[in-house]
Amino acid sequence: MTGGPSDGGGTTSPAMSVRVMLLLAVLTALSPLSMDIYTPSLPVIQSELGGAEWATQASITACLLGIGVGQLVWGPLSDRLGRRPVILAGVAGWTLASVASALVTTPWALIGARGFAGLAGAAGIVAARSVVRDLSGDSRAVATRIGVLAIATALAPILSPVVGTLIAGLWGWRADFWALALLGVAIMAGFAVTVPETLPPGARTARGASLAGALGLALRDREVLGVSLALGLHSIGFYAYIATASFIVEREFGYPPAVFALVFGTNACAILLTNVLFRRVVRTRHPSLPLGIGLVTCTAAGVLLLVLAASGAPAVLVWATSTLYAAGVGFVLPGAHSWGQLTLVASGAASALTGSLQFLGGVIGSPLTGVIGTTAFHLGGVIAVGSGLGILAWTLARRHHSAPA
């Protein structure tokens with residue numbers, strides 16, 4: 001199966017599309033939500049479960065790794081079996097992993113539970129984008145709707161720590177995982193009764209085709225490979241930013257957590273605004289354009305952050321630069337995922353490759369500043385290098401673009 005955006009089962013009514021898009025957006029946010037909701041409680045978890053700090057923190061890396069690897073499996077599998085069984089199985093596994101996480105008694109059990117949560121939750125991320133392609137009648141609709149999913153992926157790691165702090169403050173850190181389990185049950189019920197199978201049997205890949213073969217076809221397509229590399233390289237800086245921002249605000253500049261929440265809030269607004277602009281742009285232009293603009297913006301923000309930190313600039317300028325970076329992110333995430341779905345690669349395989357490299361970039365980026373230094377200077381360097389290399393990969397993808405931009 002190759003095919004374009006209309007290789008699925010047709011379009012839905014506007015009323016159904018709203019319900020479906022809401023469910024797909026939540027599905028897309030599941031794994032990032034489950035990874036970040038308990039990060040504010042890591043010190044408390046470490047004290048209760050024992051073990052070294054790195055062991056508790058490794059549960060986040062395990063979840064990221066699970067999300068990245070899981071998409072490589074679930075994506076091609078959804079091209080072969082259909083979207084519904086993949087999504088329902090994935091959410092069921094994610095729900096069970098959330099229950100297991102609430103019951104752990106050792107840090108090693110938490111690492112295992114969170115790794116499995118990432119693997120299972122990856123099904124929702126990768127298959128949700130494919131459902132959008134199945135249900136969209138043209139490439140503009142694909143790009144616009146995937147822009148909605150991308151914003152869920154971007155905002156989940158920014159907003160979920162705030163939600164997690166509130167829940168844990170009332171009922172303890174284990175309540176975060178019980179809340180995730182309840183969310184999983186609600187999503188399974190909602191998806192089962194709302195979203196039909198969107199990939200007809202005649203449009204699926206052959207049952208005998210291997211998952212490795214499907215991914216091999218995607219890797220040999222230089223357009224989708226370039227898009228995926230651009231997103232993966234950019235994500236090194238994005239997840240370094242998520243992991244480092246609190247240290248910069250609270251330790252480097254000495255502000256209380258409330259200020260950190262304000263900084264993250266303004267950055268979330270910047271992502272939302274540029275995502276709205278993205279959806280307007282792709283009505284008439286190919287998503288490669290806003291993706292390129294976003295990568296250039298993020299690279300410039302990284303360089304500026306590095307210079308400001310080196311010169312001892314006021315905190316308000318660093319804050320403004322982080323907001324500029326967030327604005328660039330609002331272009332990069334939807335641009336990359338939309339472009340991937342508009343290539344000639346099967347939807348699930350394309351979604352698997354772009355999504356997997358995004359989170360595998362996070363596996364590198366999230367601990368990187370912890371190794372070299374959790375400062376604005378080091379973060380600026382990581383962002384500039386990651387997004388700068390992403391521009392080179394974007395150039396590769398543009399060179400092999402199969403349709404006019």
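The values are calculated or read from the model by the stated rules, or taken from the named source; none is laboratory data. Computed from a prediction, not measured in an experiment: that's the story for all the values here. Positions of Cβ are generated from backbone atoms using ideal geometry, with glycine treated the same way; all protein chains shown enter the neighbour counts. We work out accessible area using only protein heavy atoms, side chains counted, and drop any ligands, DNA or RNA first. Shrake-Rupley method; radii C 1.70, N 1.55, O 1.52, S 1.80 Å.
Excluding ligands, DNA and RNA, what is the solvent-accessible area per residue of the chain at a probe of 1.4 Å, expressed in Å²?
37 Å²
Considering only the Cα atoms of region 276-405, their convex hull presents on average a projected area of 8.3 nm². For residue 182 and residue 259, the FRET efficiency from 1/(1 + (r/R0)^6), where r spans their Cβ atoms and R0 equals 25 Å, is about 0.20. Each of 365, 171, 200 was scored by the projection of its Cα onto the charge dipole of the chain, and the greatest displacement toward the positive side belongs to 200; charges sit on the C-beta of Lys, Arg, Asp and Glu.
Modelled this way, with points 7 Å down the Cα-to-C-beta line, the labels at residue 44 and residue 166 are 1.5 nm from one another.
Ratio of Rg to Rh for the chain, alpha carbon only, Kirkwood? With Rh from the inverse mean 1/r over Cα pairs, Rg/Rh is 0.96. Taking the inverse of the mean reciprocal distance over all distinct Cα pairs, the Kirkwood hydrodynamic radius of region 99-179 comes to 14.9 Å. Placing pseudo-labels 7 Å out from each Cα toward the beta carbon at residue 313 and residue 105 gives an inter-label distance of 5.3 nm. Computed on the chain, with alpha-carbon pairs under 8 angstrom and 6+ residues apart, the relative contact order is 27 percent. Share of pairwise Cα-Cα distances greater than 11 Å in region 63-105 is 69 percent (whole percent).
Of the peptides 121-132, 72-83, 164-175, 368-379, the order by per-residue mean of other Cβ atoms within 10 Å, starting with the highest, comes out as 121-132, 72-83, 368-379, 164-175.
Membrane-span-like helices of the chain, defined as complete DSSP H segments with a Cα extent of 24 Å or more along the helix axis and a mean Kyte hydropathy of at least 0.5, are identified as 14-36, 53-81, 83-103, 107-135, 139-171, 174-194, 222-247, 257-281, 288-310, 315-341, 347-372, 376-399. Here the spin labels are modelled as points 7 Å beyond Cα on the Cα-Cβ line, and at residue 96 and residue 320 they lie 5.3 nm apart.
Viscosity 1.567 mPa s, temperature 4 °C: Stokes-Einstein D of region 275-345 from its Kirkwood Cα radius, in µm² per second?
It diffuses with D of about 100 µm²/s by this estimate.
D by Stokes-Einstein for region 216-354, Kirkwood Rh over Cα pairs, 25 °C, 0.890 mPa s: 154 µm²/s. Cα gyration tensor of region 13-107, axes a ≥ b ≥ c as square roots of the eigenvalues: rounded (a/c below 1.5), prolate (a/b > b/c) or oblate? Because a/c hits 1.5 or more and a/b exceeds b/c, region 13-107 counts as prolate.
Rounded to 0.05, the FRET efficiency of the residue 52 and residue 372 pair, given R0 = 25 Å and the Cβ-Cβ distance, is 0.80. With all protein chains in place and a 1.4 Å probe, the accessible surface of region 299-405 carries 77 percent carbon and sulfur.
Taken over the Cα atoms of region 239-287, the convex hull encloses 71 Å³ per residue.
Based on alpha-carbon atoms, the Kirkwood radius and the radius of gyration of region 66-137 give Rg/Rh equal to 1.08.
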